[in-house]
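Presented below is the structure to which this report refers.
The values are calculated or read from the model by the stated rules, or taken from the named source; none is laboratory data. Since we're looking at a predicted model, the values are computed, not measured. When we count neighbours, we look across all protein chains shown, and the Cβ atoms used for this are built from the backbone with ideal geometry, even at glycine. For accessibility, only protein heavy atoms count, side chains too; no ligands or nucleic acids. Shrake-Rupley method; radii C 1.70, N 1.55, O 1.52, S 1.80 Å.
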Protein chains: 2
Amino acid sequence: MERHFEASLRDLKNQLVLMAGHVERAIGNAIEGLKKKDFTLISSVYAIEDTINQESMTLDETCVKLLALHQPLAADLRLLIAIIKMNTDLERMGDLAVNIAHDSEDYLQGTPLKQLVNLPIMCAEVQGMVRESINSFVSKNEKLADEVLQRDDLVDNLKSKIKNDVAEVLKTRPHDVNQGLHLILIARHLERIGDHATNIAEDVIYVISGKDIRHGHVARTK
Amino acid sequence: MERHFEASLRDLKNQLVLMAGHVERAIGNAIEGLKKKDFTLISSVYAIEDTINQESMTLDETCVKLLALHQPLAADLRLLIAIIKMNTDLERMGDLAVNIAHDSEDYLQGTPLKQLVNLPIMCAEVQGMVRESINSFVSKNEKLADEVLQRDDLVDNLKSKIKNDVAEVLKTRPHDVNQGLHLILIARHLERIGDHATNIAEDVIYVISGKDIRHGHVARTK
């Protein structure tokens, strides 16, 4: 029975890694498609998100069954609840990748506003956060989870930079406001994916150390 | 033991209602403060969000303890997991209310761009969604949960309308791009709060009927 539970946990972790890989690919394809004006690449995001949704529902069901079947206590219970939460975060990241794809398609149908320099950089950074957040969970590496939290500042700065650049261009091209909004929104979607990776990293730190750092202060659990 | 569990569940539900009330007040104060140019009212949002965060952490801990202590099965187990998820949604709504407060403060420091007509309407609508989503859970009312899902379309339309209005104004006032962005972002924060209410309504339908409608198709659970 216990061995079965351990094996199930291992499966769940593998599933999370797989989902995170799909999220990475979804946002990568959206941003690369935007840069290369490749609509086919962008639309691949919709199929990937569909896969993520299926994986998410399966994972959720598996967690509920494991809770019911094994009624785990203490550490294992927290672990399963953390997995349920991480699953939700990954699923929402998939939604955001779809948002990026929509805004990219809309943007490409209008006049290009500017060179896209910072969006690909921001995308790579966010992909790294997604990957490392799940890796920190699988490898129980609190330091790695902490690094994800640090990287979030860089992503926030990139988003502000993109917003300011666009606002500057729009002052001389007011009729391209909608184009500018698409770029700013894409940056915000990426930022929010980074926020979800941050949520995961915080859950990891909670699972490993029992420290609840979600609201900027450390509340040790009883 | 069972009676204790039932009482605990009732407490949890009351706590969710309380949190939802705080979320409603937070977004209401932010938007009313924006309309009345009242910085004190806007800054009240920060204290309310702090309360929501505390409530969220307490609720989370209580759920974990209940799971460990009572090891509930089937329906009760799903109920507790749903509460954990709803709690996360309410907590994120609090974050979004803070985003609205920040954007409102920034907006009020610049030149007013236009009359704020649709934002208060959108706010009232979203407040209703938050309230009804939790009410549908407490009263196990699937029809009410379904109504929340329907209302989401209205909120999405209001957001699009606000975005288009702002884009139109900006064409003649390009130097006010940042002001326009604040209004559009406030509308988006409200829309996302509506999305979280939708998540809750979907969880309610899942708990009541076992139907998983999260990804646009009904997958009945085994």
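Does A:His102 satisfy the criteria of being closer than 26 Å to B:Asp76 by Cβ, open to solvent by 10 Å² or more (accessible area, probe 1.4 Å) and of a type outside the set (A, V, I, L, M)? Step through it out loud before you land on a result.
On the way: closer than 26 Å to B:Asp76 by Cβ: no; open to solvent by 10 Å² or more (accessible area, probe 1.4 Å): yes; of a type outside the set (A, V, I, L, M): yes.
Against the criterion (closer than 26 Å to B:Asp76 by Cβ, open to solvent by 10 Å² or more (accessible area, probe 1.4 Å) and of a type outside the set (A, V, I, L, M)), A:His102 does not qualify.
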(Q) Could you tell me how many of the residues in segment A:106-119 are open to solvent by 40 Å² or more (accessible area, probe 1.4 Å), touching a helix residue (DSSP H, G or I) at 6+ places or on another chain (Cβ under 8 Å) and modelled with pLDDT of 95 or more? (A) 1
Q. Taking segment B:120-139 only, how many residues are more than 18 Å from B:Asn199 (Cβ to Cβ) and open to solvent by 60 Å² or more (accessible area, probe 1.4 Å)?
A. 2
Q.
Tell me whether segment A:32-46 contains one or more residues that are closer than 28 Å to A:Ser8 by Cβ and touching a helix residue (DSSP H, G or I) at 6+ places or on another chain (Cβ under 6 Å).
A. no
Q | Number of the exception - A:Ile42 against (1) more than 26 Å from A:Ala145 (Cα to Cα); (2) open to solvent by 30 Å² or more (accessible area, probe 1.4 Å); (3) not acidic (Asp, Glu) | A | (2)
Q: State which residue is farthest from the other protein chains (Cβ to nearest Cβ) when the search covers only segment A:158-183 and only residues that are open to solvent by 40 Å² or more (accessible area, probe 1.4 Å) and without any contact (Cβ under 8 Å) to a residue 12 or more places away in the chain.
A: A:Ser160
Q: Give segment A:80-108 a look and list any residue that's away from chain B (no Cβ under 11 Å) and either without any contact (Cβ under 8 Å) to a residue 40 or more places away in the chain or not in a helix (DSSP H, G or I) (or both), or say none.
A: A:His102
Q: For residues that are more than 9 Å from chain B (Cβ to nearest Cβ) and within 20 Å of the chain's Cα centre (by Cα), scanning just segment A:58-79, find the one that is farthest from B:Gln71 (Cα to Cα).
A: A:Thr58
**Q.** Filter result (among the basic types (Lys, Arg) and either in contact (Cβ under 8 Å) with a residue 40 or more places away in the chain or surrounded by fewer than 17 Cβ atoms within 10 Å (Cβ to Cβ) (or both)) within segment A:1-32
**A.** A:Arg3, A:Arg10, A:Lys13
Q.
Step by step: first the residues of segment B:194-209, then only those that are within 12 Å of chain A (Cβ to nearest Cβ) and in contact with a Phe, Trp or Tyr (Cβ under 8 Å, 6 or more places away or on another chain), then the one that is farthest from B:Leu170 (Cα to Cα). Which residue is that?
A. B:Val207
Q) Of the conditions (1) in contact with a strand residue (DSSP E or B) (Cβ under 8 Å, 6 or more places away or on another chain); (2) more than 10 Å from chain B (Cβ to nearest Cβ); (3) open to solvent by 30 Å² or more (accessible area, probe 1.4 Å), A:Leu154 fails just one. Which one is it? A) (1)
**Q.** All positions within segment B:35-57 that are more than 10 Å from chain A (Cβ to nearest Cβ), among the charged types (D, E, K, R) and assigned to a helix (DSSP H, G or I)
**A.** B:Lys35, B:Lys36, B:Glu55
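To keep it simple, each residue is scored yes or no on (1) under 22 Å from B:Leu79 (Cβ atoms); (2) modelled with pLDDT of 90 or more; (3) hydrophobic (A, V, I, L, M, F, W, C).
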residue: A:Ile48; (1), (2), (3): no, yes, yes
residue: A:Ile52; (1), (2), (3): no, yes, yes
residue: A:Met57; (1), (2), (3): yes, yes, yes
residue: A:Cys63; (1), (2), (3): yes, yes, yes
residue: A:Pro72; (1), (2), (3): yes, no, no
residue: A:Leu77; (1), (2), (3): yes, no, yes
residue: A:Leu80; (1), (2), (3): yes, yes, yes
residue: A:Ile83; (1), (2), (3): yes, yes, yes
Q | One residue from B:Glu125, B:Glu191, B:Glu132 being of a type in the set (Asp, Glu), part of a helix (DSSP H, G or I) and under 30 Å from A:Val169 (Cα atoms) | A | B:Glu191
